Amino acid sequence: MRRNIVAGNWKMNLDYEKGVSLFSEIVNMVKDEIVGDQQVVVCSPAIHLYSVAKLSTGVNNVAVGAQNIHQAESGAFTGELSATQVKSTGADYVILGHSERRAYFGETDASLVEKVDAALAHDLTPIFCIGETKEERESGKFFDVIESQLTNAVFHLNADQFSKLVLAYEPVWAIGTGLTASPEQAQEVHAFIRKTVATKYDQNVADNTSILYGGSCNPGNAKDLFSQTDIDGGLIGGASLKSRDFLDIVKVFNAK
Ligand code: PGA
C-alpha cells in the first residue's frame, strides 16, 4: 500500500552551514520523535546535497532530494545538474515540474517527459508536481489542466515505471501565499488524480501511488489535510525551513 511522505522543499534558501545545521536538527528530531514508517524527504539546494545525504545515511525514514535536474546525461549545459550527478551525492529523490520551474524557467511538459525519464533511468524518485493557477481554478477548468499535465508529462510511462513516481498536487494559487486549499478542495482533486491514474493504468497502480498536497501547508492545517482519504502527505515549502514546524507536520502521521 502507498506510503505517507512529507517532503520539504527548501527552494533557494539557506547558505551551506545553515542548511547542514537545519538538516542535523531534523534528523535528530526524527530519531527522537517518530516511530511510524512515514518517509521524510528534504529537497535541499544542490550545494547541500552531498553533506545532508551523508548525514541521512543509516537514518530510518530520512532521505534527500534535489529540486531539479537537466534531462541530458552530461555535456555543455552550463549551470545545470544531471540525474547521474545528483544520484552520485547520495540523493534518492528529485522534485520535477514545480510550478516555479514551469513559470520562471520555461519548463514544459515536453522537457518534463525527458526529465522524468532521466530521473527514473538513474534510480531517482521524481516528486512530480501538478496544479492549476488561480485563473484556471476560477474558470472551473482545473480538472482539465491537471489531466493534461498528467497525460502530457508522465502517462508515457508504463505501469512499472509509473509506480516509481510520487505525485504532488500543488495549486499554484496556494504556493507561498498563505492561501491553503481547503481539505475538501484538496481531497476533490486528489480523488480525481487517483481516478485518472486508475483509468490510465489500473486501480492497483492508483491505490499504490502516493499523492502529496503542497501549498501553504503548516502545522496548523496539516492534520485536516492529511486526514483526507486520498492525501498521503505533503510537499512543504516555507514551513520546512523551521525544524519544529516541519517535524510537527511529519508527526501528523504516527509519532512516539
Ligand atoms: P509553500 O511551498 O509551502 O511555501 O506554499 C510549497 C511548494 O512550493 O512546494
Out of residues 5 or more away from H70 or on other chains, whose amide H comes under 5 Å of its own, with H placed 1.01 Å from N in the peptide plane? L81, S82, A83
Normalised contact order of the range 111-162, rounded percent, pairs of Cα under 8 Å and 6 or more residues apart: 39
Could you tell me what percent of the accessible area of the chain is made up of carbon and sulfur, with a 1.4 Å probe and every protein chain present? 50
Which of the peptides 182-189, 105-112, 3-10 is most tightly packed, and how do the rest follow, judged by the mean count of other Cβ atoms within 10 Å per residue? 3-10, 182-189, 105-112
For K164, which lysines qualify as cross-link partners when the Cα separation must be under 27 Å and same-chain residues fewer than eight apart are set aside? K11, K31, K54, K87, K115, K195, K200, K223, K251
Name the long-range amide H neighbours of A168: under 5 Å, sequence gap of 5 or more, or other chain; modelled H, no Pro or chain starts. F128, C129, I130, L212
Taking the alpha-carbon centre of each part, the distance from the range 210-235 to the range 32-48 in Å is 16
If you take every residue apart from S182 with its C-beta less than 10 Å away from the C-beta of S182, what net charge results, scoring Lys and Arg +1 and Asp and Glu -1? -3
Alpha-carbon spread of the range 1-119, three principal axes, descending order, Å: 43, 37, 25
Amide H neighbours of G8 at under 5 Å, excluding residues fewer than 5 places away on the same chain, with H built from the backbone geometry, are V41, V42, C43, I236
Per-residue HN-Hα couplings for the range 16-26 [Karplus 6.51, -1.76, 1.60; θ = phi - 60°; Hz; x = Gly/Pro]: 4, 5, 5, x, 5, 6, 4, 5, 4, 4, 4
I need the phi-derived Karplus couplings for the range 115-120: 6.51 cos²θ - 1.76 cosθ + 1.60, θ = phi - 60°, integer Hz, Gly and Pro marked x. 5, 4, 4, 5, 4, 5
Using the heavy atoms of the protein chains alone and a 1.4 angstrom probe, what is the accessible area of the chain per residue in square angstrom? 44
Take the alpha carbon atoms of the range 70-140, find their center, do the same for the range 3-22, and report the distance between the two centers in whole angstrom. 18
Could you derive backbone 3J(HN,Hα) for the range 61-72 from the dihedral phi with the Karplus parameters 6.51, -1.76 and 1.60 (θ = phi - 60°), listing whole Hz in sequence and x where the residue is Gly or Pro? 6, 10, 9, 10, x, 8, 9, 5, 9, 8, 7, 7
Let me check something: with ligands and nucleic acids excluded, how do M29, M1 order by accessible area (1.4 Å probe), largest to smallest? M1, M29
Evaluate 2.2 N^0.38 Å with N set to the residue count of the range 5-255, then give the Cα radius of gyration divided by it. 0.94
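The values are calculated or read from the model by the stated rules, or taken from the named source; none is laboratory data. Note that the coordinates shown come from a computational prediction; the quantities given were computed from them, not determined experimentally. FYI the Cβ positions are ideal-geometry reconstructions off the backbone, even for glycines, and counts take in every protein chain you see. All accessible areas refer to the heavy atoms of the entire protein, side chains included, with ligands and DNA or RNA removed. Shrake-Rupley method; radii C 1.70, N 1.55, O 1.52, S 1.80 Å.
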